[in-house]
1. Within the range 14-35, does at least one residue satisfy the condition of being open to solvent by less than 50 Å² (accessible area, probe 1.4 Å) and not aliphatic (A, V, I, L, M)?
2. With the condition kept exactly as written, say whether any residue in the range 40-51 is at pLDDT below 90, open to solvent by 100 Å² or more (accessible area, probe 1.4 Å) and out of contact with any Leu (no Cβ under 6 Å at 6 or more places or on another chain).
3. Only one of (1) in contact with a Gly (Cβ under 6 Å, 6 or more places away or on another chain); (2) open to solvent by less than 40 Å² (accessible area, probe 1.4 Å) is not met by D71, so which one is it?
4. Of all residues in the range 86-111, which are surrounded by 18 or more Cβ atoms within 10 Å (Cβ to Cβ) and farther than 14 Å from V52 by Cβ?
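The values are calculated or read from the model by the stated rules, or taken from the named source; none is laboratory data. From a predicted model like this one, the values you see are computed outputs, not experimental measurements. Here the Cβ positions follow ideal geometry from the backbone for every residue, glycine too, while neighbour counts run over all protein chains shown. Remember, those area values only see protein heavy atoms, side chains included, never the ligands or the DNA or RNA. Shrake-Rupley method; radii C 1.70, N 1.55, O 1.52, S 1.80 Å.
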Amino acid sequence: ARGEVERADRLARQRRQVSRLAMRLLADPLPAAQPDGAYLFHQLDCNLDSTVRGALSLVQRYPSMPILVLDVRNELLPQGIEEGFGGAPALLEHLGRAGVPKSQLRVEPWDHRAWPMI
């Protein structure tokens, strides 16, 4: 019984550590000094609004920080995502409509052959 209690206690400590790390990653405030840049992960179209809200918050706080967008095109992927993924064109359109300045966007090419999955 004692071994089971020790094992349960060790597992509980590990879970608390993971929980504290997750809370830190999700809840820590943005850095006071401007970061070198930010990369926006591609999302399905149904999640673009939250991505764009985050990007808008970043550019308002750090008005000269570049935002990196990889130019992923669904139609150029060997196995395109069947529905709900507009790729870089949809993301850039949403960012523009939200007021993210084009001057802060750095669109970099994506090698669709070398990296067929995103």
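1. yes
2. Among the residues of the range 40-51, at least one is at pLDDT below 90, open to solvent by 100 Å² or more (accessible area, probe 1.4 Å) and out of contact with any Leu (no Cβ under 6 Å at 6 or more places or on another chain), which makes the answer yes.
3. In the conditions (1) in contact with a Gly (Cβ under 6 Å, 6 or more places away or on another chain); (2) open to solvent by less than 40 Å² (accessible area, probe 1.4 Å), D71 misses (1) alone.
4. G87, W110
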